[in-house]
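Structure first, then comments.
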Amino acid sequence: MSYAQNYLPILQYHHVSQATPFSTSLTPEQFTEHMNYLKEENFNVIDLKSALDKIKAGTALPEKSVAITFDDAYRNIYENGFPILKSHQFPFTVFINTLQIEQKNRHFLTWTQMKEMSEFGGVFANHTFSHPYMLRKIENETDEEWLVRMKREVSSVEEALVMHLGSSPKMIAYPYGESNDVIQQWLTSEGIVGFGQQSGVVNADSNFANLPRFPAAGHYAKLGPLKTKLASQPMPLVSYDNGGIYADNEPVSISLTFKEGNYRLKDLTCYVSGQGKAKLSWIDAHHVVASAPKAFTAGRGRINCTMPDKSAKHYHWFSNVWIRPSADENYIQN
């Protein structure tokens, strides 16, 4: 086994079913195709928590390492995904929201099922108690009350994981990918690693309070796009400035500063969700601003940037997500 990889692509799934919403689903046949491809092409499917610990410590991962994750603790993961994972002996992580589990919702996993999955490489992590939009306040709620509520959303799941499964890996996937500096700083102080919903590859330079993953369901369930993501590498950035997490009635832009090195910067391309290519304005040889053609509508929008490596066999990948709040959604402002 070759130890030559200092980065990690992470796949994000939700439903493994043909009877659930298309945008967050892939069929059992598609999931089998994905897992068979990983096996046939000799990918090293590794435990997410262990891999992140190694990356932070500067320890190389096996070549062609990848991690598998699921959000929301749907029972079809157990029914349709777990058998193929177990047959390949692939470890995996499921981020669970425990309200539905406590209510014994028949569409969600049970603790008994999770214990069984734990015996075959399954790890269960935090997806909050009730799956809220974490940056929205409820009516008449102060900023302080909002933060207390969000801390309880997280801490109650940590307690449940320890109670029912014996331990917690101290990882959280933010519902809808939403977090801010306040939440991220608190989680870091608690030793909890966070995941957003921007796409990209994790390496030592990543923000471990807001790590990227690659969606692999819905429009992204075809094998071709999956192959591209599995061959991706981190964008060689010194820093970036997105102007903040919120978009408004002006087009967003993001400033990227690249590391010194032999990179194909002239081949950098950035795409804006729903709008096509971003305008690239080079400030100097290592500094570019990517701008959206027009403002985002309400919801979440993103800019994805890719750049071929010197071999042209892999792409460097970077993504950023903004939130365009509606007036009635009461988003926290700090």
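Looking only at the range 176-190, decide whether some residue is hydrophobic (A, V, I, L, M, F, W, C), buried (at least 21 other Cβ atoms within 10 Å of the Cβ) and in contact (Cβ under 8 Å) with a residue 60 or more places away in the chain.
No, that holds for no residue.
Only one of these conditions is not met by residue 192: (1) more than 16 Å from residue 129 (Cα to Cα); (2) touching a Lys or Arg at 6+ places or on another chain (Cβ under 6 Å). Which number is it?
Against the list (1) more than 16 Å from residue 129 (Cα to Cα); (2) touching a Lys or Arg at 6+ places or on another chain (Cβ under 6 Å), residue 192 comes up short only on (1).
Report, by residue number, each residue of the range 293-313 that is surrounded by fewer than 16 Cβ atoms within 10 Å (Cβ to Cβ) and part of a loop (DSSP other than H, G, I, E, B).
Once the filter is applied, which keeps residues that are surrounded by fewer than 16 Cβ atoms within 10 Å (Cβ to Cβ) and part of a loop (DSSP other than H, G, I, E, B), the range 293-313 yields 293, 294, 295, 297, 298, 310, 311, 312, 313.
Determine whether residue 220 is at pLDDT 95 or above, open to solvent by 70 Å² or more (accessible area, probe 1.4 Å) and of a type in the set (Phe, Trp, Tyr).
Taking the combined requirement at face value, the residue does not satisfy it.
Under 6 Å by Cβ, and 6 or more places apart or on different chains, what pairs join a residue from the range 148-174 that is at pLDDT 95 or above with one that is loosely packed, with under 15 Cβ neighbours inside 10 Å and not hydrophobic (A, V, I, L, M, F, W, C)?
Short answer, once both residue conditions are applied: 170/191.
Here is a list of conditions, (1) farther than 20 Å from residue 217 by Cβ; (2) hydrophobic (A, V, I, L, M, F, W, C); (3) at pLDDT below 95, and residue 61 meets all of them except one; can you say which number that is?
Result: residue 61 fails condition (3) only.
To keep it simple, each residue is scored yes or no on (1) of a type in the set (D, E, K, R); (2) outside any helix (DSSP H, G or I); (3) in contact (Cβ under 8 Å) with a residue 60 or more places away in the chain; (4) at negative phi.
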{"site": "225", "(1), (2), (3), (4)": "no, no, no, yes"}
{"site": "229", "(1), (2), (3), (4)": "yes, no, yes, yes"}
{"site": "240", "(1), (2), (3), (4)": "no, yes, yes, yes"}
{"site": "251", "(1), (2), (3), (4)": "no, yes, no, yes"}
{"site": "255", "(1), (2), (3), (4)": "no, yes, no, yes"}
{"site": "261", "(1), (2), (3), (4)": "no, yes, no, no"}
{"site": "266", "(1), (2), (3), (4)": "yes, no, no, yes"}
{"site": "271", "(1), (2), (3), (4)": "no, yes, no, yes"}
{"site": "283", "(1), (2), (3), (4)": "no, yes, no, yes"}
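Is one or more of the residues making up the range 228-246 open to solvent by 30 Å² or more (accessible area, probe 1.4 Å) and under 15 Å from residue 10 (Cα atoms)?
yes
Looking at the range 148-163 only, could you name the residues that are open to solvent by 40 Å² or more (accessible area, probe 1.4 Å) and under 25 Å from the mean Cα position of the chain (by Cα)?
148, 149, 151, 152, 159, 162
I'd like to know if the range 133-141 contains one or more residues that are over 18 Å from residue 176 (Cβ atoms) and either surrounded by 14 or more Cβ atoms within 10 Å (Cβ to Cβ) or touching a strand residue (DSSP E or B) at 6+ places or on another chain (Cβ under 9 Å) (or both).
There is at least one residue in the range 133-141 that is over 18 Å from residue 176 (Cβ atoms) and either surrounded by 14 or more Cβ atoms within 10 Å (Cβ to Cβ) or touching a strand residue (DSSP E or B) at 6+ places or on another chain (Cβ under 9 Å) (or both).
Looking at residue 282 and the list (1) closer than 22 Å to residue 314 by Cα; (2) open to solvent by 50 Å² or more (accessible area, probe 1.4 Å), which single condition is not satisfied?
For residue 282, the exception is condition (1).
Which residue out of 327, 290 is open to solvent by 70 Å² or more (accessible area, probe 1.4 Å) and either closer than 30 Å to residue 144 by Cβ or part of a strand (DSSP E or B) (or both)?
When all the criteria are applied, what remains is 327.
The values are calculated or read from the model by the stated rules, or taken from the named source; none is laboratory data. This structure is a prediction, so every number in the text was calculated from the model and none was measured. Positions of Cβ are generated from backbone atoms using ideal geometry, with glycine treated the same way; all protein chains shown enter the neighbour counts. Accessible surface is based on the protein model in full, side chains and every heavy atom, while ligands, DNA and RNA are left aside. Shrake-Rupley method; radii C 1.70, N 1.55, O 1.52, S 1.80 Å.
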